[in-house]
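Undergrad: Before I ask anything, here is the structure I am working with.
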Amino acid sequence: MFSTVAVDGEVRRWEDLRLHDFAQGFFFGAGFFTTFRIDAGTPLFLARHLARLRASLAAFPGAVRAPAPEQVSEATVRDTLHRCLHTDAALGPGFTGVGKLSVSDGHVLLTFRPAAPDAERLQREGRTLDTVEPGAYRRGERTLNHKGLSYFRQYALMQQLPLLGNEAGEVCELPTANLFFHLDGALVTPPLDAPCLPGIVREVLLEAGHVGGLPVVERPVPLARLADVSACVFTNSAVLATGVPRLLGRELPGSLPLAEEARALIEAAARRR
C-alpha cells in the first residue's frame with residue numbers, strides 16, 4: 001500500500017493516522033469499504049461504488065456512524081483522489097492500480113495499492129477453482145449483501161478461493177468475487193439472497209443483459225448443477241472478469257473467451273461513464 005492517504009478529503013500520510021479516529025471500525029468492524037479500479041488516473045464506476053456505500057450506511061444507521069453526506073459524494077471523492085495522485089510522485093496523475101474507500105466512525109479513508117502482479121496472467125490463463133465450502137453462508141443473511149470492514153471470513157480464504165455455498169446446497173460467491181455460469185443456455189449468477197455481494201461488475205453485466213450472445217440472468221445455482229456448467233467466469237472491480245478454465249476437476253475451454261467478451265463489455269461501459 002502507498003503511504004499517501006486521505007481522511008475526509010484531507011491528504012495525509014498512513015503513518016500519521018490515529019487509531020482512535022477509527023476505533024468503531026477497528027474494534028467492531030462497524031463500517032464498510034469498497035475497492036475500485038483506477039486506470040491512468042481515472043476511477044472506474046466510482047458513482048456506483050459510492051451509491052453502494054451510501055446504501056450500506058443507510059441500511060445500518062444505528063450501528064455505523066455515517067460521515068457527512070458531502071464526503072461520500074462523487075465530486076468530493078474525485079477531487080480528493082486527484083489531489084492524492086498529484087501530491088505523491090510514487091502515485092502520479094497517470095496512476096493505474098486500486099483505490100479503497102473505507103467508511104467508519106464518521107470518517108472516510110481513501111487508500112491506494114498497486115494492481116495485482118498476476119493480473120495480466122489471470123486474463124491470459126484464468127484461474128482454476130477446485131474447492132467448495134458448502135454451508136459457509138446462510139440463505140438471506142443480509143450482512144453479506146454489504147462489504148463490511150469485518151471481512152476476516154473472506155480474507156482467510158483468499159488464497160484457496162473456494163466456491164462458497166449456503167445451507168440449501170446452492171452456490172453463493174467466491175471470497176472476493178461474484179460468479180457467472182454458462183448453464184441452460186444462459187449466463188447465470190446467484191441472486192443476492194443466496195447471499196452474495198451486489199458487486200459493481202455483476203451489476204454492469206446484469207444491466208447489459210447479454211454477454212457473448214448469452215442472456216445474463218439471476219437465479220439460484222445448485223451445487224449439484226455445476227457438473228452441467230459449460231463455462232464459468234468470476235468478476236470483481238479490480239480485475240473485472242476472469243475465466244475459469246477448470247472447475248472442480250472439469251475442463252471448461254469456453255471460459256477464457258467468455259471472460260474476454262465480458263471484459264470488453266465492462267470496459268466499454270466504463271468508457272461511456
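The values are calculated or read from the model by the stated rules, or taken from the named source; none is laboratory data. Keep in mind it's a predicted model, so treat the numbers as computed, not measured. All Cβ positions, even for glycine, are placed from backbone atoms using ideal geometry, and neighbour counts span all protein chains on display.
Undergrad: Within the group Arg78, Arg113, Arg83, which residue is among the charged types (D, E, K, R) and either over 27 Å from Asp8 (Cα atoms) or free of Cβ contacts under 8 Å to residues at least 60 places away in the same chain (or both)? Lay out the reasoning, then the answer.
TA: Values: Arg113 fails: either over 27 Å from Asp8 (Cα atoms) or free of Cβ contacts under 8 Å to residues at least 60 places away in the same chain (or both); Arg83 fails: either over 27 Å from Asp8 (Cα atoms) or free of Cβ contacts under 8 Å to residues at least 60 places away in the same chain (or both).
Just one listed residue meets the conditions, Arg78.
Undergrad: Right, next: Name the single residue that is nearest to Phe32 (Cα to Cα) among those in segment 141-160 being hydroxyl-bearing (Ser, Thr, Tyr) and part of a helix (DSSP H, G or I). Can you show your working first?
TA: Going residue by residue through segment 141-160, those that are hydroxyl-bearing (Ser, Thr, Tyr) are 143, 150-151, 155.
In the following step, the residues that additionally are part of a helix (DSSP H, G or I) were identified as 143, 155.
On the way: Thr143: 11, Tyr155: 15 Å.
Step by step, filter segment 141-160, then rank; the result is Thr143.
Undergrad: Could I ask something else about it? Out of Ala75, Ala30, Ala23, Ala55, which single residue is surrounded by fewer than 21 Cβ atoms within 10 Å (Cβ to Cβ), part of a helix (DSSP H, G or I), within 19 Å of the chain's Cα centre (by Cα) and among the aliphatic types (A, V, I, L, M)?
TA: Values: Ala75 fails: within 19 Å of the chain's Cα centre (by Cα); Ala30 fails: part of a helix (DSSP H, G or I); Ala23 fails: within 19 Å of the chain's Cα centre (by Cα).
Only one candidate qualifies: Ala55.
Undergrad: Tell me whether segment 114-132 contains one or more residues that are assigned by TED's automatic domain parsing to the domain that holds Asn236, touching a helix residue (DSSP H, G or I) at 6+ places or on another chain (Cβ under 8 Å), surrounded by 15 or more Cβ atoms within 10 Å (Cβ to Cβ) and of a type in the set (Lys, Arg).
TA: Among the residues of segment 114-132, not one is assigned by TED's automatic domain parsing to the domain that holds Asn236, touching a helix residue (DSSP H, G or I) at 6+ places or on another chain (Cβ under 8 Å), surrounded by 15 or more Cβ atoms within 10 Å (Cβ to Cβ) and of a type in the set (Lys, Arg), which makes the answer no.
Undergrad: I've got another one for you. Testing Leu81 on (1) in the same structural domain as Asp39 (by TED's automatic domain parsing); (2) surrounded by fewer than 20 Cβ atoms within 10 Å (Cβ to Cβ); (3) aliphatic (A, V, I, L, M), one condition comes back false. Which one is that?
TA: Looking at each condition in turn, Leu81 falls short on (2).
Undergrad: Return the pairs, sorted by first residue and then second, in which the second residue is at pLDDT 95 or above and hydroxyl-bearing (Ser, Thr, Tyr), the first residue lies in segment 12-27 and is within 21 Å of Arg83 (Cα to Cα) and in the same structural domain as Gly106 (by TED's automatic domain parsing), the beta carbons are less than 6 Å apart, and the residues are 6+ apart or on different chains.
TA: Listed by first residue and then by second, the contacts come to Arg13/Ser3; Trp14/Ser3.
Undergrad: Find all pairs meeting these conditions: Cβ atoms under 7 angstrom apart; at least six residues apart or on different chains; first residue within segment 225-246 and at positive phi and buried (at least 20 other Cβ atoms within 10 Å of the Cβ); second residue at pLDDT 95 or above and of a type in the set (A, V, I, L, M, F, W, C).
TA: As it stands, the answer is Leu240/Val201; Leu240/Ile266, since those pairs meet every condition given.
Undergrad: Continuing with this model, one more query. Considering only residues that are assigned to a helix (DSSP H, G or I) and closer than 18 Å to Glu133 by Cα, which ones fall in segment 216-273?
TA: Applying the first criterion (assigned to a helix (DSSP H, G or I)) to segment 216-273 yields 223-228, 255-272.
Leu223, Ala224, Arg225, Leu226, Ala227, listed by residue number.
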